[in-house]
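J.: First the structure, then my questions, so here it is.
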């Protein structure tokens, strides 16, 4: 009888002892996890929030989102920039009305690999987090453009290292292209009155919008809002040219910044044009030309399977190269045509294939012409039955603006880095406090100072690798609860804005 009564008590004591062990074990695991999290954050990966727009559009600080009232193109403007002037659409140049502003979005949140540079050397074009040399309590984020021992110059918008052009990796270049015209975003009224000037409402603050591509004399392109087609079966080449009455189209401006002062920015002639093309005849061709410093550079795809690079100076054309397109071209199928003149290099992409020509090897290449402020000419040409769609024109980043001359690393002031010194610039170079403009020495411990315009190695904190939270959505508040329930904070992830932050790479554009 006593044995039967003691069994439940022993079972209860066993369970109680077992539960106490579980609690202790759980606390131990939580303590270990907490310590590991601290170690991981301190030495491996740490989250940062972007404070300013100096790296826009790659990384954004606090900003406003806009969807252009005239063409529907989406763009962002820095929170501080909006208070100074009305935002201007980078695609159709429409100044947004005052009521277009919405609630500001927080800066992008990123992951940074800490201590990576203790094991691997930094690379050109890495996006790095470092202590601000002039105020080490602040963390800055910029793009690394020059390494120890190198001589850097920023000449006519391009980066030169030890006297040679420094070209950007493919994925970095893709981040830095800025729109001039995107055919997929045009005023809705243009679909009904494509040949007539378009003014949105009665806003006299804005200029009218005109179709930018127009036929040249004798050309027979049929220019519709969403497609351009050519039906001529002869071998005559028909040209359309980009014509704009806006003198600021090609200037080194940023939609993210205040739109005032655009007219004082330098003209950028590192350009890229893209579209999808379909040819019906093997005797036909499609091509485009981009002007730089008075020289017309052209790329042509012959539907029989050959390519052609040319340059035209003072009306005289010279062949630069004639690569062969292996596999030929299938008629009646759209392929992407992409032609860029960037970083002293011509790059033609047809479908998935890439061809390039190095202009820096051309002894007659004109490196700069500061007196030329006229917009470059852009043309598309074709022969034989052809159709093109989704045209887009972009320009490259342009370092060093006229309105705020750099203190160092210019054509007249080459800057050579010593051991353990790095040079950084913001992608939004018109609105970035970086190594070009720092005017005081860096501050170290115990009265130590660092050379003005450099980031010392010991201040390099890590490499930015991922945007994990950006422009989150705010859950809607039910109407029946809106009177007593406050608005929810933005908490729904915007998966489309999660992206890898690209840096140094061997694969050039």
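J.: Looking at the structure I just gave you, is residue 230 farther than 30 Å from residue 506 by Cα, crowded, with 16+ Cβ neighbours inside 10 Å and at pLDDT 90 or above?
T.: So residue 230 passes the test.
J.: Would you call residue 415 at pLDDT 85 or above and at negative phi?
T.: Answer is yes for this residue.
J.: Of everything in the range 123-142 that's assigned to a loop (DSSP other than H, G, I, E, B) and within 22 Å of the chain's Cα centre (by Cα), which residue is surrounded by the most Cβ atoms within 10 Å (Cβ to Cβ)?
T.: Once the filter is applied, the top-ranked residue is 126.
J.: Which numbered condition in (1) touching a strand residue (DSSP E or B) at 6+ places or on another chain (Cβ under 6 Å); (2) at pLDDT 95 or above is the only one that residue 355 fails?
T.: Condition not satisfied by residue 355: (2).
J.: Next up: Check off (1) over 24 Å from the mean Cα position of the chain (by Cα); (2) free of Cβ contacts under 8 Å to residues at least 40 places away in the same chain for residue 459 and give me the number that stays unchecked.
T.: So residue 459 meets the others, but not (2).
J.: Would it be correct to say that residue 198 is modelled with pLDDT under 95 and more than 21 Å from the chain's Cα centre (by Cα)?
T.: Taking the combined requirement at face value, the residue satisfies it.
J.: Kindly provide the set of residues from the range 319-340 that are in a strand (DSSP E or B) and surrounded by 12 or more Cβ atoms within 10 Å (Cβ to Cβ), ordered by number.
T.: Residues satisfying the conditions are 320, 321, 335, 336, 337, 338, 339, 340.
J.: Take the residues of the range 341-352 that are in contact with a strand residue (DSSP E or B) (Cβ under 7 Å, 6 or more places away or on another chain) and surrounded by fewer than 19 Cβ atoms within 10 Å (Cβ to Cβ): which is nearest to residue 165 (Cα to Cα)?
T.: Filtering first and then ranking leaves 345.
J.: Let me ask something additional. Residue by residue through the range 341-358, note down the ones that are closer than 15 Å to residue 311 by Cβ and touching a residue at least 60 places away in the same chain (Cβ under 8 Å).
T.: Within the range 341-358, 341, 344, 345, 347 qualify.
J.: On the given criteria, is residue 173 crowded, with 20+ Cβ neighbours inside 10 Å, at pLDDT 90 or above and assigned to a strand (DSSP E or B)?
T.: No, not satisfied.
J.: Working carefully through the options 315, 327, 305, find the one that is within 24 Å of residue 215 (Cβ to Cβ), without any contact (Cβ under 8 Å) to a residue 40 or more places away in the chain and assigned by TED's automatic domain parsing to the domain that holds residue 362.
T.: 315
J.: Moving on to the next point. If we scan the range 442-458, do we find a residue that is modelled with pLDDT of 95 or more, closer than 13 Å to residue 146 by Cβ and in a strand (DSSP E or B)?
T.: Yes, there is a match, as at least one residue in the range 442-458 is modelled with pLDDT of 95 or more, closer than 13 Å to residue 146 by Cβ and in a strand (DSSP E or B).
J.: Kindly establish whether residue 152 is under 17 Å from residue 442 (Cα atoms), in a strand (DSSP E or B), touching a residue at least 12 places away in the same chain (Cβ under 8 Å) and not assigned by TED's automatic domain parsing to the domain that holds residue 343.
T.: no
J.: Another question, if that's okay. Given (1) at pLDDT 95 or above; (2) buried (at least 17 other Cβ atoms within 10 Å of the Cβ), where does residue 162 come up short, assuming only one miss?
T.: (2)
J.: Quick one: residue 91 ticks every box in (1) outside any loop (DSSP other than H, G, I, E, B); (2) crowded, with 17+ Cβ neighbours inside 10 Å; (3) at pLDDT below 95 bar one, so which box is it?
T.: Of (1) outside any loop (DSSP other than H, G, I, E, B); (2) crowded, with 17+ Cβ neighbours inside 10 Å; (3) at pLDDT below 95, only one is false for residue 91: (1).
J.: Would you mind stating whether residue 219 is touching a helix residue (DSSP H, G or I) at 6+ places or on another chain (Cβ under 6 Å) and assigned to a loop (DSSP other than H, G, I, E, B)?
T.: Taking the combined requirement at face value, the residue does not satisfy it.
J.: Please state which one of 304, 299, 277 is closer than 23 Å to residue 332 by Cα and either out of contact with any strand residue (DSSP E or B) (no Cβ under 7 Å at 6 or more places or on another chain) or surrounded by fewer than 23 Cβ atoms within 10 Å (Cβ to Cβ) (or both).
T.: That would be 304, the only listed residue that is closer than 23 Å to residue 332 by Cα and either out of contact with any strand residue (DSSP E or B) (no Cβ under 7 Å at 6 or more places or on another chain) or surrounded by fewer than 23 Cβ atoms within 10 Å (Cβ to Cβ) (or both).
Residue by residue, here is whether (1) under 24 Å from residue 125 (Cβ atoms); (2) in the same structural domain as residue 356 (by TED's automatic domain parsing); (3) in a loop (DSSP other than H, G, I, E, B); (4) in contact with a strand residue (DSSP E or B) (Cβ under 8 Å, 6 or more places away or on another chain) holds:
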position	(1), (2), (3), (4)
410	yes, no, yes, yes
438	yes, no, yes, no
471	no, no, yes, yes
475	no, no, yes, yes
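J.: Something else about it: Looking at (1) in contact (Cβ under 8 Å) with a residue 60 or more places away in the chain; (2) in contact with a helix residue (DSSP H, G or I) (Cβ under 6 Å, 6 or more places away or on another chain), find the lone condition where residue 142 falls short.
T.: Single failed check for residue 142: (2).
J.: Let me ask another. Got a number for residues in the range 233-249 being closer than 23 Å to residue 343 by Cα, modelled with pLDDT under 90 and in contact with a strand residue (DSSP E or B) (Cβ under 6 Å, 6 or more places away or on another chain)?
T.: So the answer is 1.
J.: Would you please name the residue that is farthest from the chain's Cα centre (by Cα), looking only at residues in the range 469-508 that are within 24 Å of residue 128 (Cβ to Cβ) and modelled with pLDDT under 80?
T.: Once the filter is applied, the top-ranked residue is 506.
The values are calculated or read from the model by the stated rules, or taken from the named source; none is laboratory data. Computed from a predicted structure; not experimentally measured. Virtual Cβ from ideal backbone geometry, glycine too; neighbours counted across all protein chains shown.
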